[in-house]
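Enquirer: Quick one: the structure is below, questions incoming.
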Amino acid sequence: MAKDLTEKDFKKLVQKHIKKTNFVKVNLKDGSAIFGFIVKFSDHFMMIEETYDFSMAGIKIVPYDKVTGIRHNEYDKVSQYIYVQENILHLNRDIIDKTDLENGETLFKSIKKQNFHCSIETKKNKEFVFTIGEILEVDSKSVTIKNYNPAGKFSKKPHKISFKSIDLINFNDNYTKVFRKYLK
């Protein structure tokens, strides 16, 4: 959450960006950022339609407590203008509506029900861990992913990921949608 805003004011700011479909830069605790359009949020998660080089690049979901700020300045307004003028801004309302951000369990169950593979970024013992694949099981504290590697081969053992360790979730992106067709 932004350091200079109360939680209530920060949530109002997020809601304003959603309502106006503002192009934003979402800053994260690890120093990284996501560019795109915030489309939904809850007390636990923020859902962003990510953009890349004037194209829609998939959905990123960030734990709400990982967000440090949101920028919507003159540069972002120009990008937003271009997205509108070029008729590139196409938010998938069906996916947005069917994705439940209430908690980790409802989130992953809703992604699984929509038949998406996802990628998850976590840190384990301060090391970056990337998991990608099909959601196999979801319980109240974790998600189990049938992980595959860049060669398209499945890991022998599924990866069980605690919701508390998740930094970022990605789905409905070209990488996961295309790569899953070529798994061995």
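The values are calculated or read from the model by the stated rules, or taken from the named source; none is laboratory data. If you're wondering where the values come from, they're calculated on a predicted model, not measured in any experiment. Positions of Cβ are generated from backbone atoms using ideal geometry, with glycine treated the same way; all protein chains shown enter the neighbour counts. Note: areas computed on protein heavy atoms with side chains; ligands, DNA, RNA excluded. Shrake-Rupley method; radii C 1.70, N 1.55, O 1.52, S 1.80 Å.
Enquirer: Could you go through region 139-159 and let me know if any residue there is part of a strand (DSSP E or B), open to solvent by 50 Å² or more (accessible area, probe 1.4 Å) and either among the charged types (D, E, K, R) or within 30 Å of Phe54 (Cα to Cα) (or both).
Expert: Checked region 139-159: at least one residue is part of a strand (DSSP E or B), open to solvent by 50 Å² or more (accessible area, probe 1.4 Å) and either among the charged types (D, E, K, R) or within 30 Å of Phe54 (Cα to Cα) (or both).
Enquirer: Do you know which residues across region 92-106 are open to solvent by less than 80 Å² (accessible area, probe 1.4 Å), closer than 20 Å to Met56 by Cα and at pLDDT 95 or above?
Expert: Ile95, Ile96, Thr99
Enquirer: Something else now. Which residue pairs have Cβ atoms closer than 8 Å, lie 6 or more positions apart in sequence or on different chains, and pair a first residue in region 154-173 that is among the hydroxyl-bearing types (Ser, Thr, Tyr) with a second residue that is exposed (fewer than 14 other Cβ atoms within 10 Å of the Cβ)?
Expert: From region 154-173, the pairs are Ser155/Asn149; Ser162/Lys141; Ser165/Lys123; Ser165/Lys124.
Enquirer: Could you count how many residues in region 29-60 are touching a residue at least 60 places away in the same chain (Cβ under 8 Å), of a type outside the set (Asp, Glu) and under 18 Å from Asn73 (Cα atoms)?
Expert: Total meeting the criteria: 0.
Enquirer: Further, regarding this structure: Only one residue in Lys77, Lys25, Lys40, Lys109 is part of a helix (DSSP H, G or I), open to solvent by 40 Å² or more (accessible area, probe 1.4 Å) and under 22 Å from Lys11 (Cα atoms). Which one?
Expert: Exactly one of Lys77, Lys25, Lys40, Lys109 is part of a helix (DSSP H, G or I), open to solvent by 40 Å² or more (accessible area, probe 1.4 Å) and under 22 Å from Lys11 (Cα atoms), namely Lys77.
Enquirer: May I pose another question? Which members of region 118-129 meet the condition of being surrounded by fewer than 13 Cβ atoms within 10 Å (Cβ to Cβ) and either within 15 Å of the chain's Cα centre (by Cα) or not aromatic (Phe, Trp, Tyr) (or both)?
Expert: Lys123, Lys124, Asn125, Lys126, Glu127
Enquirer: Being closer than 21 Å to Phe163 by Cβ, within 16 Å of the chain's Cα centre (by Cα) and in contact (Cβ under 8 Å) with a residue 12 or more places away in the chain narrows it down to one residue among Lys66, Lys25; which is it?
Expert: Residue meeting the stated conditions: Lys66.
Enquirer: With the requirement that a residue be more than 15 Å from the chain's Cα centre (by Cα), aliphatic (A, V, I, L, M) and either modelled with pLDDT of 95 or more or under 16 Å from Lys109 (Cα atoms) (or both), what does region 132-183 give you?
Expert: Once the filter is applied, which keeps residues that are more than 15 Å from the chain's Cα centre (by Cα), aliphatic (A, V, I, L, M) and either modelled with pLDDT of 95 or more or under 16 Å from Lys109 (Cα atoms) (or both), region 132-183 yields Ile135, Leu136, Val138, Val143, Ile145, Ile161.
Enquirer: Another question, then. Quickly run through region 160-175 and pick out the residues that are farther than 18 Å from Phe45 by Cα and either open to solvent by 30 Å² or more (accessible area, probe 1.4 Å) or not in a loop (DSSP other than H, G, I, E, B) (or both).
Expert: Lys160, Asn174, Tyr175 - these are the residues of region 160-175 that are farther than 18 Å from Phe45 by Cα and either open to solvent by 30 Å² or more (accessible area, probe 1.4 Å) or not in a loop (DSSP other than H, G, I, E, B) (or both).
Enquirer: Related question: With respect to Asn115, determine if the residue is touching a residue at least 12 places away in the same chain (Cβ under 8 Å), open to solvent by 50 Å² or more (accessible area, probe 1.4 Å) and of a type in the set (S, T, N, Q).
Expert: No.
Enquirer: Mind counting the residues in region 69-116 that are under 17 Å from Ser42 (Cα atoms) and among the β-branched types (Val, Ile, Thr)?
Expert: Adding up the residues that qualify gives 6.
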